[in-house]
Amino acid sequence: MSKVFSNSALRALTRIGDIIAPKNGEFPAFSEVGCLEHVDDVASYAPSNDLKDLNLALSILSYMPDFFLKWLVKSMNNSHAKNGAFSDIFRMLDLGLKGIIFGTYYSGKIGKNFKGKSPMQVIDFSMNRIELAD
């Protein structure tokens, strides 16, 4: 599925994505949209060393229980009001993971098996994207 992320890293992204973007009213859960089929589009802009490190971290997180991932997301959210070594790490994780999660969730690209309204349709937003030639 992904040329950048391992299957275990994708599992972690899906689980964390559902914590950050759960089903809410008309909005589908992150995992329902199937937008991770397009995660390589978002990841293509990141340096390869950063992706390698993120892939390793996500692979480890894929084995963690749900309560740990919920604690991690809460710690990431709270890190912006604190200072310290761990707060810096949580802030970097927050920006990186939310960038991937929201970048794919609101990209307008959905998985091939998704049948509902996409998040972009729910908010009634359309974007004109111009793809540049290589």
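Taking only pairs six or more apart or across chains, which ones have beta-carbon atoms under 9 Å, a first residue in segment 51-71 that is aromatic (Phe, Trp, Tyr), and a second residue that is surrounded by 12 or more Cβ atoms within 10 Å (Cβ to Cβ)?
TYR63/SER8; TYR63/ALA12; PHE68/LEU61
Output the residues belonging to segment 72-96 that are within 22 Å of VAL39 (Cα to Cα) and either touching a residue at least 60 places away in the same chain (Cβ under 8 Å) or not aliphatic (A, V, I, L, M) (or both).
Of everything in segment 72-96, those that are within 22 Å of VAL39 (Cα to Cα) and either touching a residue at least 60 places away in the same chain (Cβ under 8 Å) or not aliphatic (A, V, I, L, M) (or both) turn out to be PHE90, ARG91, ASP94, GLY96.
Of these, GLY99, GLY116, GLY34, which one is under 13 Å from LEU13 (Cβ atoms), touching a residue at least 40 places away in the same chain (Cβ under 8 Å) and surrounded by fewer than 17 Cβ atoms within 10 Å (Cβ to Cβ)?
Details: GLY116 fails: under 13 Å from LEU13 (Cβ atoms); GLY34 fails: surrounded by fewer than 17 Cβ atoms within 10 Å (Cβ to Cβ).
Sole residue among the options that is under 13 Å from LEU13 (Cβ atoms), touching a residue at least 40 places away in the same chain (Cβ under 8 Å) and surrounded by fewer than 17 Cβ atoms within 10 Å (Cβ to Cβ): GLY99.
Using the structure shown, decide if LEU56 is of a type outside the set (Val, Ile, Thr), crowded, with 18+ Cβ neighbours inside 10 Å and within 17 Å of ALA9 (Cβ to Cβ).
When the stated conditions are applied, LEU56 does not pass them.
Looking at ILE19, is it modelled with pLDDT of 95 or more and among the β-branched types (Val, Ile, Thr)?
Details: modelled with pLDDT of 95 or more: yes; among the β-branched types (Val, Ile, Thr): yes.
Taking the combined requirement at face value, the residue satisfies it.
Can you name every one of the helices (runs of 4 or more DSSP H) wholly within segment 18-72 that holds 2 or more residues which are aliphatic (A, V, I, L, M)?
Once the helices (runs of 4 or more DSSP H) in segment 18-72 are filtered for at least 2 residues that are aliphatic (A, V, I, L, M), what remains is 39-43, 48-61.
Any idea how many residues of segment 108-134 are in a loop (DSSP other than H, G, I, E, B) and under 20 Å from ILE20 (Cα atoms)?
9
Being under 14 Å from the mean Cα position of the chain (by Cα) and either more than 20 Å from TYR45 (Cα to Cα) or not in a helix (DSSP H, G or I) (or both) is the filter here, so list the residues in segment 78-107 that pass it.
Answer for segment 78-107, where residues must be under 14 Å from the mean Cα position of the chain (by Cα) and either more than 20 Å from TYR45 (Cα to Cα) or not in a helix (DSSP H, G or I) (or both): TYR106, SER107.
Within segment 63-74, is even one residue farther than 14 Å from ILE101 by Cα, surrounded by fewer than 12 Cβ atoms within 10 Å (Cβ to Cβ) and at pLDDT below 90?
no
When you scan segment 43-53, how many residues do you find that are closer than 13 Å to LEU13 by Cβ and at pLDDT 90 or above?
Summing the residues that are closer than 13 Å to LEU13 by Cβ and at pLDDT 90 or above in segment 43-53 gives 0.
The values are calculated or read from the model by the stated rules, or taken from the named source; none is laboratory data. Note that the structure is predicted; figures quoted are calculated from it, not measured. Glycine gets a Cβ as well: all are built from the backbone with ideal geometry, and neighbour counts include every protein chain shown.
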